[in-house]
1. When Thr148 is evaluated against the numbered criteria (1) among the β-branched types (Val, Ile, Thr); (2) within 23 Å of Ala230 (Cβ to Cβ); (3) outside the structural domain of Asp32 (by TED's automatic domain parsing), which criterion, by number, is the only one it fails?
2. Look at region 94-151 and say how many of its residues are polar (S, T, N, Q), at pLDDT below 90 and either over 16 Å from Gly12 (Cβ atoms) or crowded, with 17+ Cβ neighbours inside 10 Å (or both).
3. For the structure I just gave you, tell me whether Ala41 is within 18 Å of Gly17 (Cβ to Cβ), in contact (Cβ under 8 Å) with a residue 12 or more places away in the chain and in a helix (DSSP H, G or I).
4. When you scan region 197-276 for helices (runs of 4 or more DSSP H) that lie fully inside it, which ones turn up with 1 or more residues that are touching a Ser or Thr at 6+ places or on another chain (Cβ under 7 Å) and modelled with pLDDT of 95 or more?
5. Filter region 73-93 down to residues that are surrounded by fewer than 20 Cβ atoms within 10 Å (Cβ to Cβ) and in contact with a Lys or Arg (Cβ under 7 Å, 6 or more places away or on another chain), then give me how many there are.
6. Determine which single condition Ala165 fails, assuming it passes every other condition in (1) surrounded by 19 or more Cβ atoms within 10 Å (Cβ to Cβ); (2) closer than 15 Å to Ser97 by Cα.
7. Does region 46-65 contain any residue that is within 20 Å of the chain's Cα centre (by Cα), closer than 27 Å to Thr225 by Cα, modelled with pLDDT of 95 or more and outside the structural domain of Pro221 (by TED's automatic domain parsing)?
8. For region 158-180, does any single residue satisfy the condition of being modelled with pLDDT of 95 or more, more than 18 Å from the chain's Cα centre (by Cα) and among the basic types (Lys, Arg)?
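The values are calculated or read from the model by the stated rules, or taken from the named source; none is laboratory data. Values in this document were obtained by computation on a predicted structure and should not be read as measured data. Cβ sites come from the backbone with ideal geometry, for glycine too, and all protein chains shown count toward neighbours.
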Amino acid sequence: MNIGIVGLGLIGGSLAGDIKARVKDARIFGYDCCERTVEKARESGLFEQVFSKTDNLTALVMTDIIIVAVSVASTADTIRKVYDAVGDKCIITDVCSVKGHLSELSSLWGIRLVGGHPMAGTEKSGFEAGREGLFDGAVYIVTPYPSTNKSDLNTVIKLVETIGAKPLLMEAEEHDTLASRASHLPHMIAYALSDHVIRDGEPYIAGKGFTDMIRIASSSPEFWTEVAEANRDNMIKELDTMILRLADIKGMIERGDWEKLEKRLEQGRKKREQNVK
């Protein structure tokens, strides 16, 4: 199988490593606009060939699947450019954290588009941050669009399974709602918590628990600003809901309703214990 990866950052680089190690007879072709990234990718030995911005995307027409792994703000435009270059010759899939704004692309004549979003990553970015095994056991949401045919959908699902992830079919609207709650909101909270607790002129006394909570605040602010813009309505709803939850806890403390507070905390503890392995 010939696989193209457009965008060789953390996710694109990690996909290349897992595909090379786990997909039999895979030939991987990379593409990135950053010359330094292109150089590093060529040195990695993972790719048959790595193309740069001076090359035409038509060079990827020999592939069976093209994975678009660029920034949220660039994904739609990049998918259009890939489609213009290869037409209906290849399956095009993406790894974008937001799906709703990509749905309109399914109206492009003949496009073979299958949405994807691996619920995996680290707080690091760039090709050198990629690592083999990043997707092991991770949920990988696969989003069929109106133009998606069953054969192409099954091909993407099989690829997801082969790299060790767990495919989960989900429509774009549901994806954006749940991803906002489970991924986008926690990042906003981590940034706010880091900014609130760590203060100039005060000794840093927080322990490992706090460090664990704000690990993702080391992620790219540029990336998460793009996510917030693309999934704005859902993010506002989730932030409003979280503010109400915190206000409710604040009310219990103000009233001295310790029994109710303990029950609320226990509810959170139970959900964590029952659902997170």
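1. (3)
2. Residues flagged as polar (S, T, N, Q), at pLDDT below 90 and either over 16 Å from Gly12 (Cβ atoms) or crowded, with 17+ Cβ neighbours inside 10 Å (or both) within region 94-151 amount to 5.
3. Yes, satisfied.
4. By residue number, 221-230, 232-255.
5. Of the residues in region 73-93, 1 are surrounded by fewer than 20 Cβ atoms within 10 Å (Cβ to Cβ) and in contact with a Lys or Arg (Cβ under 7 Å, 6 or more places away or on another chain).
6. If we test Ala165 against (1) surrounded by 19 or more Cβ atoms within 10 Å (Cβ to Cβ); (2) closer than 15 Å to Ser97 by Cα, just (2) comes out false.
7. The answer is no, given that none of the residues of region 46-65 is within 20 Å of the chain's Cα centre (by Cα), closer than 27 Å to Thr225 by Cα, modelled with pLDDT of 95 or more and outside the structural domain of Pro221 (by TED's automatic domain parsing).
8. So far as region 158-180 goes, yes, one or more of its residues are modelled with pLDDT of 95 or more, more than 18 Å from the chain's Cα centre (by Cα) and among the basic types (Lys, Arg).
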